[in-house]
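Here's the structure, in structure tokens; my notes come after.
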Amino acid sequence: MKKDLVSILDLSQKEITELFAIAKKVKKEVKKGKYRGCFNQQTLAMIFEKPSLRTRVSFETGFTQLGGHAIYLGPKDISLGARESVPDIARNLDRMVNIIMARTFSHKSIVDLAKYSKVPVINALSDAEHPCQVLADFLTIDEHKGKTKKLKFAFLGAGNNMSHSLMLISSLMGTDFYIGVAKGYEPQDYYVQKSRELGKKSGSKIVITNDPNEAAKNADVIYTDVWASMGEEAEKEARAKAFKEYQVNMKLFKQAKKDALFMHCLPAHRGEEVTDDVIDSKNSVVFDEAENRLHAQKAVMLRLLGAE
Ligand code: CP
Ligand code: NVA
């Protein structure tokens, strides 16, 4: 595995499969105390430019459960790039801590942290990608479907950090990826091209459509995310109008296969991108995804720190 996890593209299909095996083992054995001392005397620095529930709690809890200590550095603590440059922050932190995770606005901030830090850096969400979330998501799919290949994965929503990373991991794992997206909000070309290249090797198809029904039809997984991401609050109203037809309600969800999973990275804006009856249905696995953040990230950190 590379030194850092900046993009899901830092991993191969084989490495992702190995991470899932470690995550499943840790999930089972951590209660018996097997991994308790792994990160003894080690420190994780957690840089946050944006709010978080799942990411902060899963990283801090995960690192603590494995014997280490985590430090939360919020927006007012270090003011990434304002109080001090990103390279200087990296070159200070790597003298003191063993591993860094960062949630930033600009993806370049994470690229630069990784470039200038001698210790591993993990992307915990940037404006472009959210690799930890999609590892947890595909681990969840594997647990529920017994496979992650040859499925139809449908994302209803904007071309954002989530859809970029989901499209990439689908193409790495050999699953067809459909995005039902409003005109003008399509995913960035770089991610579409990369996914199509990878898809040629893995056998996955990447379809960008403005028709929500084409995306949802016969899908094995229906996934959605907020229409306006953190940092896009000013566009909330315009996006709510543009994405009205893309809401995952029961009518749309019923177009998928009977045993389709409903997934969402959370937080959910109930009544906007998803209705209560879908997110609270028996097909919904949203809290399994949240829990799997803990296990998937433990696997990533164990690998990056050479403990597995
Ligand atoms: N899914 C996710 O990353 O949640 P938070 O923003 O609460 O960390
Ligand atoms: N697209 C969302 C994901 C939150 C986990 C955002 O960036 O706000």
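Values quoted throughout were computed directly from the atomic coordinates according to the rules given, and no laboratory measurement underlies them. Predicted model, so just to flag it, every value in this text is computed and none were measured. We place every Cβ from the backbone using ideal geometry, glycine too, and count neighbours over all the protein chains shown.
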Reachable lysines from Lys76, criterion Cα separation under 18 angstrom, eight or more residues apart if same chain: Lys50
Folded to 0 to 90 degrees: helix 13-29 orientation relative to the chain principal axis, Cα: 70 degrees
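Could you quote the convex hull projected area for the stretch 201-249, Cα atoms only and averaged over all directions, in nm²?
Working: hull surface 19.6 nm².
Hull-based average projected area comes out at 4.9 nm².
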Net charge dipole size for the stretch 86-244 [Lys, Arg +1 and Asp, Glu -1 on Cβ; Debye, nearest 20]: 460 debye
Viscosity 0.692 mPa s, 37 °C: Kirkwood-radius Stokes-Einstein D of the stretch 260-308 over Cα pairs, µm²/s: 266 µm²/s
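Could you check how many percent of all C-alpha pairs in the stretch 1-59 are farther apart than 14 Å? Walk me through the numbers on the way to the answer.
On the way: 1241 of 1711 pairs.
That tail contains 73 percent of the Cα-Cα pairs.
Working from the pairwise distances between different alpha carbons, so that the mean of 1/r is found and then inverted, what is the stretch 154-308's Kirkwood radius in Å?
By the Kirkwood definition, the hydrodynamic radius is 16.1 Å.
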Kirkwood-Stokes translational diffusion coefficient of the chain, alpha-carbon pairs, 25 °C, 0.890 mPa s, µm²/s: 125 µm²/s
Taking Phe177, Phe20 and counting other C-beta atoms within 10 Å, the order from fewest to most: Phe20, Phe177
The stretch 135-245: C-alpha gyration tensor shape, a/c 1.5 cut-off, then a/b vs b/c: prolate
Gyration tensor (Cα) of the stretch 73-162, equivalent ellipsoid semi-axes in angstrom: 32, 15, 10
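For the residues Lys27, Lys149, what sequence is obtained by ranking on other C-beta atoms within 10 Å, fewest first?
Details: Lys27 18, Lys149 14.
Going from sparsest to densest Cβ surroundings: Lys149, Lys27.
If each DSSP helix of 4+ residues adds -39,500 (n - 2.57) and the sum is divided by the residues in the chain, what number results at 222 nm, nearest 500 deg cm²/dmol? Walk me through the intermediate numbers first.
On the way: 13 runs with 132 residues, N = 308.
That comes out to -12500 deg cm²/dmol.
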P(r), alpha carbons of the stretch 148-191 - 10 Å bins starting at zero, rounded %: 31, 56, 13
Inter-centroid distance (Cα atoms) of the stretch 185-212 relative to the stretch 74-123, Å: 30 Å
Normalised contact order of the chain, rounded percent, pairs of Cα under 8 Å and 6 or more residues apart: 19 percent
Among Leu44, Leu53, Leu168: highest mean-square fluctuation, GNM of the chain, C-alpha pairs under 10 Å: Leu53
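Among Glu15, Glu289, Glu237, which comes first, second and so on when ranked by fewest other beta-carbon atoms within 10 Å?
On the way: Glu15 14, Glu289 25, Glu237 9.
By the 10 Å Cβ count, ascending: Glu237, Glu15, Glu289.
Give the Kirkwood hydrodynamic radius (Å, one decimal) of the stretch 213-298, defined as one over the mean of 1/r across all pairs of different Cα atoms. Let's see the in-between values first.
Values: mean 1/r = 0.0734 Å⁻¹.
For the stretch 213-298, inverting the mean 1/r across all distinct Cα pairs yields 13.6 Å.
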Spatial separation of Cα centroids for the stretch 135-159 and the stretch 235-282, in angstrom: 16 Å
Burial order of peptide ranges 28-38, 257-267 (average beta-carbon count within 10 Å, highest first): 257-267, 28-38
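To one decimal place, what Kirkwood hydrodynamic radius in Å is obtained for the stretch 23-115 from all pairs of distinct Cα atoms?
Details: mean 1/r = 0.0705 Å⁻¹.
Hydrodynamic radius (Kirkwood, Cα pairs) of the stretch 23-115 is 14.2 Å.
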Set of lysines near Lys150 by C-alpha distance (under 20 Å), chain-local residues within fewer than 8 positions excluded: Lys14, Lys194, Lys200, Lys201, Lys205, Lys217, Lys257, Lys258
